[in-house]
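Report on the following structure.
The values are calculated or read from the model by the stated rules, or taken from the named source; none is laboratory data. Remember, it's a predicted structure, so these values are computed and weren't measured experimentally. Quick reminder, even Gly has a Cβ in these numbers, built from the backbone with ideal geometry, and neighbours come from all protein chains shown. Just the protein is used for accessible areas: all its heavy atoms, side chains included, with ligands, DNA and RNA removed. Shrake-Rupley method; radii C 1.70, N 1.55, O 1.52, S 1.80 Å.
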Amino acid sequence: MTASKEYLANNNGEPQKPDQKFGTRHYIVFMLFLGMANAYVMRTNMSVAIVAMVNQTAIDKDAEEFDDECPDTDYGDEKDDSVDGEFIWSTSMQGYILSSFFYGYVITQIPFGLLAKRYGAMRFLGWGMLLNSVFAFLVPVAARQGGAGWLIAVRFIQGLGEGPIVPCTHAMLAKWIPPNERSRVGSIVYSGAQFGTVISMPLSGLLADHGFDGGWPSIFYVFGIIGTVWSIAFLLTCHEDPVTHPRIREDEKKYIQQSLWGNASIHIPPIPWTSIAKSLPFYAILLAHLGQNYGYETLMTELPTYMKQVLRFSIKTNGVLSALPYLAMWLFSIVVGWVADWMLTSGRVNHTWTRKISNSIGQYGPAIALIVASYTGCSRGLTVAILTIGVGLNGGIYAGFKINHLDLTPRYAGILMAFTNCSANLAGLLAPMAAGNIIEGKPTIAQWRIVFVIAACVYIFTATFYNIFASGQRQFWDDPETDEPQKASIEAPAHSEGVNGVNGTTTASLTHRTVNEAHQS
């Protein structure tokens, strides 16, 4: 106990930050960033690949129409032979293929969130992404040998493997990242989604155009190799928490332990299900997450099709232009994360208002952009510019609701993320299906306007609900001082036995005091 107090004794009574520029926690953040990027590569590459897979000219013209409102003078300098693909799938069938991934992804969220609490998050994350990556090699075989049915099955299994990525990432962030670094670190890690999208869309377009084995299959082979390499590297070099890491410096380990908001206490008691079910701040995050996923998945899965059917860009140009909005989102999210942490450490804005301000930028911005873009007609440059700005502003969510779970409850953040992400991805499941059915047979600007306006309305409603009921304060049902020590020693999960080492009891009281002081600012 004395050692811990001496370690904490600086001018402000706060944990002493190590002087190293790049510590073990930064390496964990870097690997989680790459893992998130890999996950979104696997999720988005089908959106570009399916444009090359489908033989558009062979589809029954009575069932499918191509919009001729916009001239095709900007369609490309040369004819793209890969447009006439191998498969004759209707627009609605393409929607089912695109959404099949989310069936598997959704049903594994809560189970993996619960398992991560008991057994640790790192291995579930690594092995799940390895399963996702290995099954990418089977996508071309399934499509060619078994048709749409087998392709849907393989994508479903890929979704199962990707299920742990968000709840397990959240659980690891709760164990590795001090509170005053969470806004920017959360933004960096989750912006891997945009980085993956930025890489996936243009590279998938190039591979579909010039790749081996007919073009589009090379998309899944190349990214399958990348994902497999990352999964193995993650499993071999990363560890569950600072205490179990064999190579972390002692000063960094103590800094992380003494800075944590309670998740580093000697145990994690049973989940307070009743209190969570009655928590309006939790429902604020849930609704914001649902609205975000509906709008984001609508754009992510349908934007390449919109570029092709309405704006008449070639598949190669399609991939590049479809990625521009996500490049803007990636860059903006990192900036917002740093600004949010500066707002908190400066003492000018508390956690609650920081989250609400960031989230308002992140959800009202794309809502307005979607509505405006739906009325730009055939102005290709203007449409792409508006969508780029709107999706770029969407990066504000990472310093908003996305990291808000850690404010409410550091010890149960992974569980809460599992529930909100599961519910939100039901919206992600419905978004491409709804868009596919709205535009089937009549992919006109007017029909696409309906798709965009619906997504904008969902954004606006859920963001408003969040602004009314969200909170940045740690909730009463996650208070270390109300834990029952005798019961806790029995229920402590095996993997967290040494989370605090000899300083466990000191950490519990110190972290609780740190939380109260932080939220009084």
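Please find, within region 429-478, the residue that is nearest to residue 270 (Cα to Cα) out of those that are outside any helix (DSSP H, G or I) and of a type in the set (Phe, Trp, Tyr). Spell out how you get there, then give the answer.
Applying the first criterion (outside any helix (DSSP H, G or I)) to region 429-478 yields 440-444, 470-478.
Narrowing the set further to residues that are of a type in the set (Phe, Trp, Tyr) leaves 476-477.
Values: 476: 15, 477: 11 Å.
By that ranking, first place goes to 477.
I'd like the full set of residues that are more than 20 Å from the chain's Cα centre (by Cα) and part of a helix (DSSP H, G or I), limited to region 378-393.
Passing the criteria: 380, 381, 382, 383, 384, 385, 386.
Among the listed residues 208, 174, 148, 143, identify the single one that is closer than 22 Å to residue 55 by Cβ and touching a Leu at 6+ places or on another chain (Cβ under 9 Å).
Numbers: 208 fails: touching a Leu at 6+ places or on another chain (Cβ under 9 Å); 174 fails: closer than 22 Å to residue 55 by Cβ; 148 fails: touching a Leu at 6+ places or on another chain (Cβ under 9 Å).
From the options 208, 174, 148, 143, the qualifying one is 143.
Cβ-Cβ distances below 6 Å connect the following pairs, each with a first residue in region 210-223 that is of a type in the set (A, V, I, L, M), a second residue that is in a helix (DSSP H, G or I) and open to solvent by less than 10 Å² (accessible area, probe 1.4 Å), and a separation of six or more residues or different chains: 219/45; 219/49; 219/204. As for region 401-415, it holds at least one residue that is within 15 Å of residue 472 (Cα to Cα), open to solvent by 10 Å² or more (accessible area, probe 1.4 Å) and within 18 Å of the chain's Cα centre (by Cα). Would you point out the residue of region 127-149, among those that are more than 16 Å from residue 35 (Cβ to Cβ) and β-branched (Val, Ile, Thr), that is most open to solvent (accessible area, probe 1.4 Å)? Here the residue is 141. Screening the candidates 375, 364 for the property of being in a loop (DSSP other than H, G, I, E, B) and closer than 18 Å to residue 457 by Cβ yields one hit, 375.
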